[in-house]
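The values are calculated or read from the model by the stated rules, or taken from the named source; none is laboratory data. These figures come from a predicted structure and were not determined experimentally. A quick note on method: Cβ atoms are made from the backbone with ideal geometry, for glycine too, and the neighbour counts reach across all protein chains shown.
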């Protein structure tokens, strides 16, 4: 029972001891003991391996005669005697005779031994000198590589505690070497994904498969304000017997490469953003649409909250010179946020007018024509950014931390400002952002400038055209009338389409629809001249064909204008309608109880061709008949055949009887599309 207890305790204690290393096995250290007469009394297997003699051949033999060459004998005997007499150990190397007759340079450590009987012995610990030199060189090389390497190196035990770090790692993470030792990896690694790294390292310890070149980004304690990048590699360390000693970690600082790659990526994204802006901003000659396109591009690529504000004077194409420190009146055109934020409530809604004092940053931006950059917004900056104290509190609540205003400049004139704020994006605006924002603003400003002048010209032309169109009574003798004019929806251009209703003698009524090819103020002015001439010739009571012939002569003198026209005269006493056509779309007739149809008329040549005659065709209208005159913008499109569109017109007229106003709306709604590129004039008449 006592023996069993001893063995159990012995085994338990042995289990707690650390496993032996393999270094002594690599060195093959031999031990040899000599008595006072120099005879070998102790011989290890390593000695047999080192010197070639078996224990039977060595034990009892005189060591000097067996192992020492004659020329070294006297020196060795002297050393042996000194160790035994003085008790001082000796260390050194000398050649030993091997059993094969050759010499082996062997390194010795010798010391005197004393047993319990008082007998004295000399103990020599020996190893191959060449092997020791190689190991020593390897160790020195490793030490120098570790200490002088620009790569951060660390040794960790199986529990991932630091055993050693080199100076490079000290510089990389900013923690002294002594502060690493004994601490766990996660205590010094400045990475947000430290759990992932630690798990990967444990996997390396388990499998033995190295983990190489793992890219990580973080902020070290030595430089918390800047983002750094490292390439990490992990290896498992084993002794010659395969025992896991721990892990080695190498850390390469790749911050410069990371920043260069980030800058290159940033440049690529900026170029892509500018290319995208070139394609998406200014797609229409509409100021509001252009401003919205700019805001859509800038958020979230450049800012979290984007506003586009234009000076009201610039929007109305008025040049007003004010003192540089005076207030400015802005009209908000677009507002865009990359995410839900209360900052939107602090901004002016699109369409609103807002006056900003001269001390506001957006006013400073348009006064100087230069960007205004506030990289880090503080409490003192918000009052100069927001329109009032309430708006400033909302911006603070939204977390606005960086601000940039860039002027919208076209042809040397400041039109307004692009207003940018960052809330969730942690990076402050920098000079590169200023350059990018200025580029976007410049492109958008040219488009806004083109759009505002186009709208000004269009509004002038539209005003002119509407002033030239008749404001006729809905009732004439024997007729009920309704009309519409609609500019092109896709381009917002004003064309030369017109209609007219002219009272004639004997209760007759002339109905006219025409189309001057082209658009803009010139087309509208030409339309006005032809309408005036039409009224003059109609008053002479000429036949429709004769009226068109006179109009043709006038059109020939109008600088290459081509005009189509349909001229009809209705006599309520006879129910007859005389019609002449100059290259125009045929009128439609809808008669109660019968399918609608297009009147078959001689097409005739357009006005302006010259030297042609126009035929007059007479049709009889019954009470309740609906006559529809229109320009080609009602039925022509770029995607559909004209016959299909004319059939669609007749289908709409074939529906249930409607009031004339509803009929006009139904035709425009049913036949017009948002991408129509032509204006339309529509005149409908019902006989009573």
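Tabulated results
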| quantity | calculated |
| --- | --- |
| Qualifying residue in the stretch 652-660 (condition: over 23 Å from residue 575 (Cα atoms), touching a strand residue (DSSP E or B) at 6+ places or on another chain (Cβ under 7 Å) and surrounded by 13 or more Cβ atoms within 10 Å (Cβ to Cβ)) | no |
| Condition check for residue 49: closer than 30 Å to residue 238 by Cα, part of a helix (DSSP H, G or I) and modelled with pLDDT under 85 | no |
| Residue that is farthest from the chain's Cα centre (by Cα), among those in the stretch 114-169 that are under 20 Å from residue 90 (Cβ atoms) and without any contact (Cβ under 8 Å) to a residue 24 or more places away in the chain | 114 |
| Filter result (surrounded by 15 or more Cβ atoms within 10 Å (Cβ to Cβ), free of Cβ contacts under 8 Å to residues at least 24 places away in the same chain and in a loop (DSSP other than H, G, I, E, B)) within the stretch 368-412 | 381 |
| Check on residue 351, surrounded by 20 or more Cβ atoms within 10 Å (Cβ to Cβ), under 20 Å from residue 308 (Cβ atoms) and at pLDDT below 95 | no |
| Odd one out for residue 670 among (1) in contact with a helix residue (DSSP H, G or I) (Cβ under 6 Å, 6 or more places away or on another chain); (2) surrounded by fewer than 16 Cβ atoms within 10 Å (Cβ to Cβ); (3) part of a loop (DSSP other than H, G, I, E, B) | (3) |
| The stretch 239-256, residues that are more than 16 Å from residue 166 (Cα to Cα) and surrounded by 13 or more Cβ atoms within 10 Å (Cβ to Cβ) | 239, 243, 244, 245, 246, 254, 255 |
| Residue within the stretch 500-523 that is over 23 Å from residue 616 (Cβ atoms), touching a helix residue (DSSP H, G or I) at 6+ places or on another chain (Cβ under 7 Å) and in contact (Cβ under 8 Å) with a residue 24 or more places away in the chain present | yes |
| Candidates 599, 653, 682, 607, filtered to the one that is in the same structural domain as residue 538 (by TED's automatic domain parsing), over 24 Å from residue 524 (Cβ atoms) and touching a helix residue (DSSP H, G or I) at 6+ places or on another chain (Cβ under 8 Å) | 653 |
| Residue within the stretch 516-531 that is crowded, with 16+ Cβ neighbours inside 10 Å and either under 19 Å from residue 615 (Cα atoms) or more than 60 Å from the chain's Cα centre (by Cα) (or both) present | no |
| Residue match in the stretch 322-342 (condition: assigned by TED's automatic domain parsing to the domain that holds residue 403, at pLDDT 90 or above, part of a loop (DSSP other than H, G, I, E, B) and under 20 Å from residue 291 (Cβ atoms)) | yes |
| Residue that is farthest from residue 284 (Cα to Cα) [pool: residues in the stretch 487-515 that are modelled with pLDDT of 85 or more and surrounded by fewer than 20 Cβ atoms within 10 Å (Cβ to Cβ)] | 506 |
| Criterion: modelled with pLDDT of 75 or more, surrounded by 15 or more Cβ atoms within 10 Å (Cβ to Cβ) and outside the structural domain of residue 626 (by TED's automatic domain parsing) - qualifying residue of 462, 440 | 440 |
| Count - residues of the stretch 590-607 that are closer than 27 Å to residue 550 by Cβ, buried (at least 16 other Cβ atoms within 10 Å of the Cβ) and touching a strand residue (DSSP E or B) at 6+ places or on another chain (Cβ under 6 Å) | 5 |
| Qualifying residue in the stretch 163-182 (condition: surrounded by 13 or more Cβ atoms within 10 Å (Cβ to Cβ), in contact with a helix residue (DSSP H, G or I) (Cβ under 8 Å, 6 or more places away or on another chain) and assigned to a strand (DSSP E or B)) | yes |
| Filter pass, residue 26 being at pLDDT below 90, part of a helix (DSSP H, G or I), within 17 Å of residue 129 (Cα to Cα) and in contact with a helix residue (DSSP H, G or I) (Cβ under 9 Å, 6 or more places away or on another chain) | yes |
| Matching entry among 291, 262, 298 (being surrounded by 13 or more Cβ atoms within 10 Å (Cβ to Cβ), modelled with pLDDT of 80 or more and either within 19 Å of residue 434 (Cβ to Cβ) or outside the structural domain of residue 364 (by TED's automatic domain parsing) (or both)) | 298 |
| Subset tally (residues that are surrounded by 14 or more Cβ atoms within 10 Å (Cβ to Cβ) and in contact with a strand residue (DSSP E or B) (Cβ under 8 Å, 6 or more places away or on another chain)) for the stretch 114-135 | 11 |
